[in-house]
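The values are calculated or read from the model by the stated rules, or taken from the named source; none is laboratory data. Treat the numbers as computed from the prediction; the structure is a model and nothing was measured. Cβ coordinates were reconstructed from backbone atoms using ideal geometry, including for glycine residues, and neighbour counts include every protein chain displayed. These area figures cover heavy atoms from the full protein model, side chains too; ligands, DNA and RNA do not enter into them. Shrake-Rupley method; radii C 1.70, N 1.55, O 1.52, S 1.80 Å.
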Amino acid sequence: SARLCHPCAMRWPSATGVTTMSLTEATFRPTAPDTTADVFIDLSPLPPSDAVRGTLCVPLRMRHAGLQTVRIRYEVVGAADAPVLVVAGGISADRHALASAAFPEPGWWQGQADSFDLQRQRLVAIDWLGSDGSLDVPIDAADQADAIAAVLEALNIDRVQAFIGSSY
């Protein structure tokens, strides 16, 4: 699982030294299923209402397709120390729910932006499994729930205040 500790980049040991990647578009990739990789991510120094995006690559036991390695793209926006809301938009929505300083383009739920106080709430959203065309298998709603749980675990979030969905 991921630990929160570095203000501006992910760093992890690699065969050629230490790999560093900007948190604006970060990828968490364990080195192998039977080993643990320390990935250092610190979301706490982000300004309120700012956002980070990342991609989590994990093995996921899917209900109708067995063990698959999946890429789960996510976005986190809002105050780092605020209660977490998981926002799900359905199969046609992606991880970008609301505009932020880091990603100013309107999100798919921009019309509801006044409903959220990003100084007091932190939103987590994912691209739905298979939306990037990388999976050609049946995907169950329980697989989506497992994907969300994997992202929350990687971000070291052990509790959410609410799960909000618009159509899924």
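One chain, two ends: residue 113 and residue 163. Fully extended at 0.36 nm per residue, the span grows by 16.4 nm beyond their Cα-Cα distance. Once backbone amide H atoms are built at 1.01 Å from N, residue 121 has 79 as its partners under 5 Å, excluding neighbours fewer than 5 places away on the same chain. Taking label points 7 Å from Cα along the Cα-to-Cβ direction, residue 67 and residue 141 give a separation of 2.8 nm.
Farthest towards the positive end of the charge dipole of region 106-166, among the residues 165, 150, 110, is the Cα of 110, using unit charges on the Cβ of Lys, Arg, Asp and Glu. On the accessible surface of region 45-168, probed at 1.4 Å, how many percent belong to carbon and sulfur atoms? On region 45-168, the fraction of accessible area on carbon and sulfur atoms equals 48 percent. In the assembled protein chains, residue 67 presents an accessible area of approximately 100 Å² (probe radius 1.4 Å). Computed about its Cα centre, the charge dipole of region 49-111 is approximately 420 debye, with only Lys, Arg, Asp and Glu carrying charge at their Cβ.
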